[in-house]
Amino acid sequence: MKGQYFLPLFALTTAMFAAAPFVIANAPYESTMLLVQKIFYFHVPSWFVMFSAIFISGIYSVIYLVKGDRKADQIAAAAAEIAVIFGVMGLVTGPLWGRKAWGVWWQWDAKLTMALLLEMIFLGYQLVRRYGGPGSDKMSAALAVFGMVNVPFVYWSVNIWRTVHPKTSVVPTLGPGMFGAFWFSVLSFMLLFSLLLTLRLRLERQRAVLDELYLAEEP
Amino acid sequence: MFLRVALLVLKKDVAIEAKSFEIITTTLFFAASCILVFSFAFVKEGAPVQDAASGILWIAIAFSGTLALGRTFERERYGETLRALLLAPAPRPAIYVGKLLGMVFVMVTTEVLLVPMVALLFQAPLFSRPLLLVALLLAGTIGFASVGTLFAAMLVRARTRDIMLPILLYPVTVPVMIAGVQGTSALLMSTPDEALATMWIGIVTSFDVVFITFCLWLFEPLMTE
Amino acid sequence: MTMLKQTITIFVSIFLLAMPLLAMQPPTGAAQEGFVPIDQLPPSEQLPAAPLLITAYAFVWVLLMVYLWSIAKRLGKVETEIQSLQRRSAGSGR
C-alpha cells in the first residue's frame, strides 16, 4: 500500500468502527432471532476477511512456488496470519450466536467443519514456518495452496449438504435496513484487513532485511 | 516415458520391500493393534458399539497410512536415494506417481486386513455391497495417499518431520475422511443406501482429481531448493 | 517508525473509546419497552441474548487490539535489532 494512503484509510476505518455500534443498533431486529442475530454483523464479515486472506495467501503462495519471488512469500505469510486471527473471530462469534439461535454451541455440519479445518490448516502454516527448519517457506506455501483449494468447498458445501446453518442465499435477501448495516460492516472489515495486512507485511519485510544484514555481517 | 518412469520407481520400491517386508508387516501389525484398541474402547454392555465401525475403519486407515508414509520416506532419507532419484533425467511428476502407487499398494494391503477385522469385531455388514465398498476405499486411499506422499516427500529434510506430517496431513485430508466415513455408514445401514454411497464416492473422486492435480504440479517446486 | 507507533496508539485509543459506546447499546433495546414496535416480541426474550452479544463484540475488539499490539511489539524488536546491527557494521568501519 502506498505510504500516502495509509493514514487516510486508517482514519476512515477507525471512524467506521466507531460508528459501527450505532449502525448495528439501528438495524431492524430479525424476527426469529432478535438481538442475538446482531452478532451476524461481525461474524459474517470476519469470515469474508478470512476467506479473502486465505485466497491472497494461496495465490501468492502459488506465485512464490512458480517464480521464487520472496516478496510473494512475504505477502502469503502475512495474509496467512491474518486468516488465523479472523478465523478465531468467526469461530468464537459463531458459537456465541449459535448457542442462542440453535441451542447448541457447535454442530458438525458441513460449513462449520470445513471452517474449523481451514483454521487448522492455517495454524499448521504457522507451525511449519516456525518449526519446519530449512525449506519451511515452500512447505507452508504448499499448505496454503491446499487451504485455498478448500475454500470453494466451504462456500458451496452448505448448499449441497442440507444443514442447519443459514444458506448462503440469506445475504442477497436481506431487508433494506439490515442490508445497509451489513455492507457497512463488511466494508469496515475489509478496510481493517488491508490495514492489518500492510502492517503485518511491514513486519515480514523488516525480518527479511534483518536476515540479510545478518548474512552480510562479517564473521 | 512418464508411465515407464513411474512403474520403474514402483518396481524399485517393491523390490526393496520384498527383501524384508519391513514396512508391510509393521504397518499391518500396527493397524491390527489399532483396531483391537478401538474394539476394547468402544464396548457397551459387553458388545462392541456397531455404529462406530465406519469411523474406526477410516481412522485406522489414516493412522496406518501416516505410519507407512513416514517409514517409506525415512528409508529414502536414510539411503539418500531421494536426491539420486531427483538427479535422474526423469520427469519429476513421474517420480511422484511412482511413489504414490507404492503407497497406495501398501495401504490397500493394509485395508485387506483391516476390513475383515472391523467387520468381524464390530459385527458390521461391510461386505453387503462389496463393489461399492471397494470403490469407496480405493478413492479414499488414493486421496489420502496423494497428499500424504507430497507432504512426506517435502518433509524429508525437515527436523521435526515425524510430528509435522500428521499435523499438516490430517486437516487437509479430513474432507476425504468425512466422505469415506459417510459413504461407509451409508453402506452399513440395514438396507444399504446405494445412491447415497455413490454420491459420496463421487465426492471423494472429485477431491482425488483436485488433489492429484495440485500434487503433480507442486512436487517439482517443493523438491527443488 | 515513530509515525507507525503513533498511528497504532491512536487506533487503539479510539477503539477503547468506542467500547463504552458499544456497551451502552444492548440495554436500550429492553429499556425502550414502551417504544417497542408491535412486530417485535417481548423484551423478556431478548435478555439472555445480551451477554452473548456483548461477549461476541468484546471478544472481537479485544482480539484486534491484542493482535495490533503483538504486531507492534514484534516490529519494534526487529527494528531495534536492525538498528543495532547497522550501528555495529558502521562502527567496524567497512
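Coordinate-derived values only; no laboratory data. Note that this is a predicted model, so its numbers are computed, not measured. Ideal geometry is used to build each Cβ from the backbone, glycine not excepted, and the neighbour counts take in all protein chains shown.
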Across chain B, how many lysine pairs, 8 or more positions apart or on different chains, have C-alpha atoms separated by under 22 Å? Please give the number. 4
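Within a 10 angstrom radius of each residue's Cβ in A:132-144, how many Cβ atoms of other chains show up on average? Whole number is fine.
Numbers: counts 9, 7, 4, 9, 7, 0, 7, 8, 1, 3, 12, 6, 0.
Per-residue shielding by partner chains comes out at 6.
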Take chain B, connect every pair of alpha-carbon atoms lying under 10 Å apart with a spring to form a Gaussian network, then pick out the residue of B:Ala18, B:Ala197, B:Ala53 with the largest mean-square fluctuation. B:Ala18
Quick check for me: using +1 on Lys/Arg Cβ and -1 on Asp/Glu Cβ, what's the dipole size of the range B:2-223 about its Cα centre, in debye to the nearest 20? 740 debye
Cut-off under 17 Å on the C-alpha distance; same-chain residues fewer than 8 positions from C:Lys73 excluded. Which aspartates and glutamates are left, in chain and number order? A:Glu81, A:Glu204, C:Glu81
Averaged across C:76-84, how many Cβ atoms of other chains sit within 10 Å of each residue's Cβ atom? 4
Cα long-axis angle, helix B:194-223 against chain B (0 to 90 degrees, to the nearest 10): 20 degrees
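Determine one quarter of the surface area of the Cα convex hull of the range B:39-133, which equals its mean projected area, and express it in nm² to one decimal.
Details: hull surface 31.3 nm².
Over every viewing direction, the Cα hull of the range B:39-133 projects on average to 7.8 nm².
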For the range B:88-146, what mean projected area does the convex hull of the alpha carbons give, in nm²? 4.5 nm²
Give A:Lys38/C:Lys77; A:Lys138/C:Lys77; A:Lys71/C:Lys77 a once-over and call out the pairs whose C-alpha atoms are over 28 Å from each other. A:Lys38/C:Lys77
The Cα radius of gyration of the range B:143-225, divided by 2.2 N^0.38 Å with N its residue count, comes to 1.32
As a test of the formula, what do you get for chain B when each DSSP H run with n ≥ 4 contributes -39,500 (n - 2.57) and the sum is divided by the residue count, at 222 nm and rounded to the nearest 500 deg cm²/dmol? -29000 deg cm²/dmol
By what distance, in whole Å, do the Cα atoms of chain B stretch along each of the three principal axes, largest value first? 57, 33, 29
Residue mean of other protein chain beta carbons inside 10 Å, B:153-162: 4
Under a crude label model (7 Å from the Cα following the beta-carbon direction), how far is A:Asp109 from A:Trp183 in nanometres? 2.6 nm
